[in-house]
Amino acid sequence: MKTSFRITTALIAFAVAAANCTANRGASATRNETPDSSPPALTMSVGRSGHTATLLPDGKVLIAGGMERNGSNLTSAELYDPRAATFKAAGAMKTKRVGHTADLLPDGRVLVAGGWSEGGVTERAEIYDPAKNVFIPTGGLNAKRGRHTSTLLSDGRVLIAGGEDSSGALGTAEIYDPAKAVFTRTANMTTPRAYHSAALLPDGRVLMAGGVTAGKSVSNSAEIFDPAAGAWSRAASMSTPRYKHSATPLRDGSVLIVGGADERDWRGLHATAEVFDPRKNLFSATGNLNNPRFKHSRAAALLADGRVFVAGGADQPEIYDPAARNFKTAPGKLVLTHSYYSTATALANGEVLIAGGYGSTPPHDSSAAAFVYKP
């Protein structure tokens, strides 16, 4: 299987390195070449981290909001066109946001909700209409929240759960009905959670796992929401307390949980992973990562062949093979110097778009660099 990172407009076999990528500078090299100081060919209009990336029905990707290089939150949005390998401006959001959520609705529009804005977390929500390339305000959340989860349910509604406000982790949840354009409260979770994960299960229920809870402790607990009953029930616990991790539904109906950290944050990173089996209500350990990673909840993508590409939270992407139950460093040896709170989006053509993120060393600038992984 030939694999590559495409960082020029011409298709190349491998991209070997990219270093010091910021909104204005980057480094790239093809196979058998040494890195130079030329910027990557794929560059967003502005550096972003904590943004969202949503695959649209026409194959384009909507990149929205996030935190800019100077620490300010963004209203700007842009569209990545994989056919032209370019970014173009989209209509601006009405509200500055970072740590928000974005979900593709059944009619092709995108719901954007919550996050940090000016003065703290917001309850504001808006809809992106790709036909008009504009954002339109919609009914607001019942609670201000950021770093929550959102899950498109089987019936087309969207479950919004947990997150945090100025007082700490939230246990509230609500559901957006696109037909009525309103958010309605539903039952509270069994445990308040922020920086947790959510994954839709094959039977239409939703798994919530980990996160920081009341008292700022990191949890290994999990629970399941049943939309039909409008109720939560406790699930088996993970083997490891973790937050700022990723959760990816696999083809067999199980859910892959990767990395994260404990209360020590940067000093408590995990290289462990586990798989939740909804039929057995059981988490089981799987192969470890080659590098511990966190802050990658939006940078794990399911590939067309059923493997999982994990891009964020560490310098080098890795691929999880469900059949072998192990992780291997992704071919291409791309070094991502700005990988925290980046995004990885599986494209309709089987490639993966990696966009933005911030670096681990001061001044922690958000990057405008983007890369395409080609399986």
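Brief remarks follow.
- When the range 354-375 is limited to residues that are part of a strand (DSSP E or B) and among the β-branched types (Val, Ile, Thr), the one that is farthest from residue 50 (Cα to Cα) turns out to be 372.
- Residue identified as touching a strand residue (DSSP E or B) at 6+ places or on another chain (Cβ under 8 Å) and within 30 Å of residue 157 (Cβ to Cβ) among 277, 252: 277
- When 320, 341 are checked against the criterion of being at pLDDT 95 or above and either of a type in the set (Gly, Ala, Ser) or over 14 Å from residue 51 (Cβ atoms) (or both), 320 stands alone in meeting it.
- Only listed residue being under 27 Å from residue 157 (Cβ atoms), without any contact (Cβ under 8 Å) to a residue 60 or more places away in the chain and surrounded by 15 or more Cβ atoms within 10 Å (Cβ to Cβ), chosen from 231, 299, 261: 299
- Residues of the range 193-211 include at least one that is buried (at least 17 other Cβ atoms within 10 Å of the Cβ), among the basic types (Lys, Arg) and out of contact with any helix residue (DSSP H, G or I) (no Cβ under 7 Å at 6 or more places or on another chain).
- Boolean, residue 86 is in contact with a strand residue (DSSP E or B) (Cβ under 9 Å, 6 or more places away or on another chain), hydroxyl-bearing (Ser, Thr, Tyr) and more than 14 Å from residue 136 (Cα to Cα): yes
- Of residues in the range 264-284 being hydrophobic (A, V, I, L, M, F, W, C) and closer than 11 Å to residue 245 by Cα, the one surrounded by the most Cβ atoms within 10 Å (Cβ to Cβ): 273
Per-residue answers, yes or no, for (1) within 22 Å of residue 275 (Cα to Cα); (2) acidic (Asp, Glu); (3) in contact (Cβ under 8 Å) with a residue 60 or more places away in the chain:
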{"position": "173", "(1), (2), (3)": "no, no, no"}
{"position": "176", "(1), (2), (3)": "no, no, yes"}
{"position": "181", "(1), (2), (3)": "no, no, no"}
{"position": "201", "(1), (2), (3)": "yes, no, yes"}
{"position": "208", "(1), (2), (3)": "yes, no, no"}
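The values are calculated or read from the model by the stated rules, or taken from the named source; none is laboratory data. Model, not experiment: these values are computed from the prediction. Every residue, glycine among them, receives a Cβ derived from its backbone with ideal geometry; neighbour counts consider all protein chains shown.
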